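Following: one structure in C-alpha cells, then a few remarks.
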Amino acid sequence: HSTTKTSAEDLLMSYKGILYPSILCSVETFQALETFKARGDDLLVVTYPKNGTNWTIQILHEMVSVFHNSDPLLDATMIEFGDPEILAGFEDRPSPRIISTHLNFKNIPKSFFQKKVKILLVLRNPKDTAVSFYHFYNSLPALPSYTSWDLFFNDFIDGKVSYGQYFEYVVDWEKNFNDETMMAILFEEMKEDFPSSLKKISEFFQLSLSEEQINLVASRTSFNSMKEKSDNTHGKLGDSFFRKGEIGDWKNYFTEEQSKVVDAMFQKYLAGTKLGNMLNY
Ligand code: A3P
C-alpha cells in the first residue's frame, strides 16, 4: 500500500511473524520479556490495539488510588515498548503494579501465568476496532499512513497491521482462557453500563469499592474527563488516543461487502465460543 510518511517497511518490524511499531519495539526487549518477573499482585490489562486500553488503564489507576488511598504511577505505555532498561525499571515499581500489553497470548511473559496474575482482557467489536485503528494509523507518526480506508481494511483483514490479525489474536486468548485468573470485558459493555462494568472489574481484582467510590472512578474515567486530561496523560498524542469513544462508527466507513467479510470471519473464528458469544454484535 502507499504511504505518505516513512515507508511501512521502516515503521513496522516483524517478530515471530507479527508486525510491531519499530520505533517502540525491539527484538532485545522481546527477548528480555521472556524472563520478566511478574508479581502475584500485578494487575495485567491485555488488549488488541484500540480496544479500550487507555480507558481501562485509567480505570484501574483510579480504582487502586481510591482503594489504597495512594497515587500509583500512571503509565499508559505497553510493557513491550522501550528498551530492555525500561523493562528492568519495572522491578523498582511498588506493588500493586498496573501493567498493560497488546502482546498476543503466546508472547505474554510466562511468569504472569506461573504467579497466577489476574488478567483483564478488553475486547471490542472488530468493525469499530478497524475504524479506530485506521484513524490511529493516520494520526500517529510512529505508524504508516493510509491513503484510503479500503487499503487499511484490506491490511486489517490480512493481519498486515501492528499486532497482527484481530481474529487470530482473540482466538488465541479464547483457546487459552482460564476463568480462574482471567476476565474478559467488552468496550461496548463499559459504554452501555459503566457502573456495573466498573463493579465487575473491581470485584475481579478484589478492590472492593463503595457505590460512591465507583461513581468517583466513573466520573474520572468518562471519555470527556479523560480527553480533557489527555494533555497531561498523553501529551501531544492526546487527540489520537481520545477520538470519538463511541459504538458503531464503523457504519460510516464499511461498505456492505466489507461488513460481510468481517461477519464471515467472525463466523469462521469465533462463532459459538465464549469470547465470540460475548462479542456477538
Ligand atoms: P475511537 O477511535 O473509536 O474513538 P486504545 O486506548 O486501546 O488505543 O483505544 C482507543 C479507543 O478507545 C478510541 O476509540 C478512544 O476514543 C476510546 N476511548 C478512550 N477512552 C475512552 C473512554 N473513557 N470512554 C470511551 N471510549 C474511550
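Of all residues in segment 199-210, none are within 15 Å of the ligand (Cβ to nearest atom), part of a loop (DSSP other than H, G, I, E, B) and touching a residue at least 60 places away in the same chain (Cβ under 8 Å). The residue that is surrounded by the fewest Cβ atoms within 10 Å (Cβ to Cβ), counting only those in segment 226-245 that are closer than 20 Å to Glu188 by Cβ and not hydrophobic (A, V, I, L, M, F, W, C), is Lys244.
I'm checking my understanding of the structure. Among residues of segment 198-217 that are surrounded by fewer than 19 Cβ atoms within 10 Å (Cβ to Cβ) and small (Gly, Ala, Ser), which one is modelled with the highest pLDDT? Among residues in segment 198-217 that are surrounded by fewer than 19 Cβ atoms within 10 Å (Cβ to Cβ) and small (Gly, Ala, Ser), the one modelled with the highest pLDDT is Ser210.
Just to confirm my filter: which helices (runs of 4 or more DSSP H) fall fully inside segment 78-166 and include at least 1 residues that are touching a Lys or Arg at 6+ places or on another chain (Cβ under 7 Å)? Reasoning before the result, please.
Numbers: elements: 84-88, 111-114, 126-139, 149-158.
Result: 111-114, 126-139.
Across segment 49-76, the qualifying residues are those that are within 29 Å of Ala142 (Cβ to Cβ), more than 16 Å from the ligand (Cβ to nearest atom) and among the aliphatic types (A, V, I, L, M), and the one among them that is modelled with the highest pLDDT is Val64. Among the listed residues Phe223, Phe187, which satisfies the condition of being buried (at least 21 other Cβ atoms within 10 Å of the Cβ), within 13 Å of the ligand (Cβ to nearest atom) and closer than 21 Å to Pro49 by Cα? The conditions single out Phe187.
Residues considered: Lys37, Lys16. Of these, the only one that is away from the ligand (no atom under 16 Å from the Cβ) and on the phi > 0 side of the Ramachandran plot is Lys16. Right, Leu216: closer than 17 Å to His61 by Cα and either more than 10 Å from the ligand (Cβ to nearest atom) or of a type outside the set (Val, Ile, Thr) (or both) or not? Spelling it out, Leu216 is indeed closer than 17 Å to His61 by Cα and either more than 10 Å from the ligand (Cβ to nearest atom) or of a type outside the set (Val, Ile, Thr) (or both). Scanning segment 90-97 turns up at least one residue that is farther than 20 Å from Phe241 by Cα, touching a residue at least 12 places away in the same chain (Cβ under 8 Å), away from the ligand (no atom under 16 Å from the Cβ) and crowded, with 19+ Cβ neighbours inside 10 Å.
The values are calculated or read from the model by the stated rules, or taken from the named source; none is laboratory data. Since the structure is predicted, the reported quantities are computational estimates derived from the model, not experimental observations. Glycine gets a Cβ as well: all are built from the backbone with ideal geometry, and neighbour counts include every protein chain shown.
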